[in-house]
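All remarks here apply to the structure that follows.
The values are calculated or read from the model by the stated rules, or taken from the named source; none is laboratory data. No experiment lies behind these values; they were computed from the predicted model shown. Counting neighbours? That spans all protein chains shown, and the Cβs are built from the backbone with ideal geometry, glycine included.
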Amino acid sequence: MIRRYCAFKLKEHLFGLEVSHVQEIVRHNDYTPVPLAPPGIAGLMNLRGQILMAVDLRGRLGMEPRDRSEESINLILRTGETPVSVLVDDVRDIVEAEEDRRRAPPPHLQGEIGACAEWVLQLEKQTMVILDPNKVLEV
Amino acid sequence: MIDEDLRETFLIFIAESHENLDKLDQNFIALEENPANQEMIDDIFRTVHTIKGMCGFMGFGKLEKITHTGESLLSMMRSGEVTPTPEMISLLLLMLDAVREILGHLEKTETEGPTIYSGLLDLLQAMQKPDQPKDWRASKPAAKAAEEKPAEQKPVEPAKAAEASDTQEASAAQAATASNASAAAPKASMESTLKVDVGLLDKLMNQMGELVLSRNQLVMMAAGSNSKSMQALAQKVNRITSELQEGLMKTRMQPIDTLFGKYPRLIRDLAKSCGKEVKLVLEGRDREVDKGLIEALKDPLTHLLRNSVDHGIETPAVRREAGKAPEGVLAVKAYHESGQVVVEISDDGAGIRLDKVKAKALEKGLITPAQATSMPEKEAVNLIFLPGFSTAEKVTNVSGRGVGMDVVASNIKKISGSIDIDTRAGLGTTIRVRIPLTLAIVPALVVGSAGWRYALPQVNLVELLLIEGEKLRKGLETVGGRLVYRLRGELLPLVRLGDALGTAGGEVAASPDAALKVVVLQAEAFRFGLIVDQVMDAQEIVVKPVPKSIMNLRRYSGATILGDGCVALILDVPGIARTLNATLAGDGTRESEAAASRPTDLPDTYLMFRSGKKDRLALPMPLVARVEEFEISRIETTGKWEVLQLQGEILPLVRLDKMMNGTASDDELSERLPVIVCRHRGRSLGLVVRRILDTAEGRAADESAPNRDWVRGNQVLSGQVTEIIDLEGLIRHCDADFFARAAETKGTAA
């Protein structure tokens, strides 16, 4: 069975999320910071009148936190009731692959990335780490 | 099975019967308290008669039989042949339960269910023996006549009859608010109503929210345009939107009586099964709350009520021993506060034993011994919300382990609410459940701080201040490291919004002379001023919920989208006030307790002095023996204390000049310093200060909360904020054993 992933970059790393989890992709949308919020929460943003939580995925995965001045792309993820926006550096094409090509994450994937990783998929030039959205959104 | 063409009628029958049964619950309890209420009996009779009629029409034999038997008994009550007694009422309530049971079966299986109710029917019929030869509702002479035949009557009747005719007029004034509700209820059902799908209402509410946002944008744009007709139109749209929004919000609101209405019956049954006497007082029954919240509150509130009756209120015997009235009072109140709905449940029972709570938590390994000893009372009570906790000595059928408090707490958290408990051993417990109004459109003031905008709900807003120039120099004080402003004689604590939110920049950058923009806010009993960078406009905002992780910060109650599309956080004023209080010494309650213990109305005289360059301290004159001056070189040291030989006495010194300012002041040996010689509990002590100022009069009752251990409080003396020293506290701070060593010191004096 073919699986389709939305591929995106955080710094030089390539990640993926199953397309079924992604509601839409929104380019440059401002967000309002929430003082004293836990790290990983970049702030709140307005999507067609709905207020969504914006997650700084880099910070969430233990990478260098996002600065307001950086350009971001919002991946709007479907979750429970309210969608959540996940901020990433850049979005690539959709990656299609047979289900049996994915592998369990290798043990050297440590820390938060290791905790949120569900699978890895070997592509031509690099490895894509496929994330589990539920774990990612456990802020 | 139900016929197809009767299906619609069937569904209406079920729905209406449930409503009628709820109403009857309340009516029966009201009747129990006031058996002479003829109107009530008529009303009950009519309702039961209606149900019976429908049952016959639909062909529900069992239901018909039960309601018919009940109706006969009620008919006798109506004509005065029997008097309503508690036993009859209990039986009739059981009849209602039986009807509910059958209705339940009908809803599920369209059959009346297998249960045979012959026992109930027999009892109902047995009650129908006429027990009085005369109509007890006649005027007093009849009651007297009844008294003449004591043998044939239960001795209770004459007393009741006399009471009944006396109190009939006063029945409206009785605490039984149930009777008020049943009077109100018929009114509602008489108005024409429409059943609407809740999903449709939700959709309309969302669109309403969008409309409000667009309206805000339109108004903003119109304000900036030159076209008069544009502005007029915007105004019109503004007004229509407001009215539309108000009306729509009302559609989803239900009076909280939907829940409260069930409580008289619930409490009555609970009290009886626990062997307790409980008087239920309901307040705020007409407070309207969104339908969704009512659903969510149902279980938690019921659980809390069960707890109060089962574990809170004591048995009449125990209460009498404690000098309380045998009947316990359980008060359930609903009110709006700061944009939240508060449901308060308070009982005058035994309270929660915090020592037991701590012990149990310790036993279950939920806290460490160190935590147990250092935990303040206000926190200890929250231990009962931890999962796996229980202090009920017995497991009862009524409320299980008396716990499930963790379940209650989590259910309330799910609707973004909060719960807190106030308890006093022997006096009772008050539990407050607060739930935010999620989709609410509230008037707010938008302010700016550090480049971002925040919304403050108008309901918390008291006034706006611009403190500059003269007022800035004179009115602003620092008391114990905290900024306060003297506003019309009262001390207003100030806090910068940036500090309250932990953000840097913003108001701090301003020079000391720059004007301060202060928003005076009030939350519960606490008033404070928020310093902001800008005060923007007042506008109506749509409150949108924020995720739990942000609600947990206790500073934000939601978020909104402003006219330009940006998200602004809505500040939770009580939450911010609470975090402030944790650092400011004292909150409302402690203050009032302390005030109660101080003598109130006599003005006291104080000696005012300075211990450093800028502070102002004072000591109550009665403690001052005399004031002397001396050279620092004369200070000697014995053991822990610095002392001074003065007039043949060895005087232990407290170097206030050093203490208040942390670092030692310049000790020039030739310098002369004043020392205030005090006498306290038979011992003399010298307070070394920098400068004596003056004496002044003040009132202990006007003191506000202290900021330090050895300060009793702050007062305004001679127009300036002054710290009143607590001498005993000061001494204890320096040396806990001071008074104990009295004998020794005297012995070694030269």
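Summary of computed values
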| quantity | calculated |
| --- | --- |
| Residues of the stretch B:306-336 classified as more than 30 Å from B:V459 (Cα to Cα) and out of contact with any Lys or Arg (no Cβ under 8 Å at 6 or more places or on another chain), total | 14 |
| Test: residue in the stretch B:212-224 that is under 29 Å from B:E19 (Cβ atoms) and within 34 Å of the chain's Cα centre (by Cα) | no |
| Some residue of the stretch B:675-684 being modelled with pLDDT under 80 and touching a strand residue (DSSP E or B) at 6+ places or on another chain (Cβ under 7 Å) | yes |
| Hey, A:L137 touching a residue at least 12 places away in the same chain (Cβ under 8 Å), surrounded by 18 or more Cβ atoms within 10 Å (Cβ to Cβ) and not polar (S, T, N, Q) or not | yes |
| Cβ pairs under 6 Å, 6+ apart, first in the stretch B:304-331 and over 14 Å from B:S346 (Cβ atoms), second basic (K, R) and at pLDDT 90 or above | B:T315/B:K276; B:P326/B:R319; B:P326/B:R320; B:E327/B:K279 |
| Residue within the stretch A:62-79 that is surrounded by 15 or more Cβ atoms within 10 Å (Cβ to Cβ) and among the acidic types (D, E) present | no |
| Yes/no for A:D30 being under 23 Å from B:G498 (Cα atoms), modelled with pLDDT under 90, out of contact with any Gly (no Cβ under 8 Å at 6 or more places or on another chain) and away from chain B (no Cβ under 11 Å) | no |
| Subset of the stretch B:195-214 (residues that are within 14 Å of chain A (Cβ to nearest Cβ) and modelled with pLDDT under 85) | B:D202, B:K203, B:M205, B:N206, B:Q207, B:M208, B:G209, B:E210, B:V212, B:L213, B:S214 |
| Number of the condition not met by A:F15 [criteria: (1) crowded, with 21+ Cβ neighbours inside 10 Å; (2) over 20 Å from A:E112 (Cβ atoms); (3) more than 8 Å from chain B (Cβ to nearest Cβ)] | (2) |
| Matching residues in the stretch B:100-114 - criterion: being of a type in the set (V, I, T) and under 45 Å from the mean Cα position of the chain (by Cα) | B:I102, B:T109 |
| All positions within the stretch B:474-504 that are more than 21 Å from B:Q715 (Cβ to Cβ) and either out of contact with any strand residue (DSSP E or B) (no Cβ under 6 Å at 6 or more places or on another chain) or hydrophobic (A, V, I, L, M, F, W, C) (or both) | B:V495, B:L497, B:D499, B:A500, B:L501, B:G502, B:T503, B:A504 |
| Hits in the stretch A:19-38 (condition: closer than 28 Å to A:Y5 by Cβ and either buried (at least 17 other Cβ atoms within 10 Å of the Cβ) or among the hydrophobic types (A, V, I, L, M, F, W, C) (or both)) | A:V19, A:H21, A:V22, A:I25, A:V26, A:N29, A:Y31 |
| First in the stretch B:375-386 and within 14 Å of B:T430 (Cβ to Cβ), second anywhere and of a type in the set (V, I, T) and in a loop (DSSP other than H, G, I, E, B), Cβ under 7 Å, 6 or more apart | B:V381/B:I352 |
| Residues located in the stretch A:115-139, provided they are touching a Leu at 6+ places or on another chain (Cβ under 8 Å) and either within 14 Å of chain B (Cβ to nearest Cβ) or among the aromatic types (F, W, Y) (or both) | A:V136, A:L137 |
| In the stretch B:571-597, residue farthest from the other protein chains (Cβ to nearest Cβ) [restricted to those that are modelled with pLDDT of 85 or more and assigned to a helix (DSSP H, G or I)] | B:V573 |
| Every residue from the stretch A:38-73 that is touching a His at 6+ places or on another chain (Cβ under 8 Å) and either within 13 Å of another protein chain (Cβ to nearest Cβ) or within 23 Å of A:S20 (Cβ to Cβ) (or both) | A:S72, A:I73 |
| The stretch B:1-24 residues that are of a type in the set (D, E, K, R), paired with ones that are assigned to a loop (DSSP other than H, G, I, E, B) (beta carbon under 7 Å, 6 or more apart) | B:D22/B:G261; B:D22/B:K262 |
| Residues that are under 14 Å from the mean Cα position of the chain (by Cα) and polar (S, T, N, Q), drawn from the stretch A:92-139 | A:N134 |
| Conditions (1) of a type in the set (D, E, K, R); (2) crowded, with 22+ Cβ neighbours inside 10 Å; (3) touching a Ser or Thr at 6+ places or on another chain (Cβ under 7 Å); number of the one not met by B:D25 | (3) |
| Residue identified as buried (at least 19 other Cβ atoms within 10 Å of the Cβ), in a strand (DSSP E or B), at pLDDT below 85 and not small (G, A, S) among B:V446, B:V484, B:V433 | B:V484 |
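Results for (1) assigned to a helix (DSSP H, G or I); (2) among the charged types (D, E, K, R), shown as yes or no for each residue.
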residue: B:V318; (1), (2): yes, no
residue: B:Y335; (1), (2): no, no
residue: B:G365; (1), (2): no, no
residue: B:T373; (1), (2): yes, no
residue: B:E379; (1), (2): yes, yes
residue: B:I384; (1), (2): yes, no
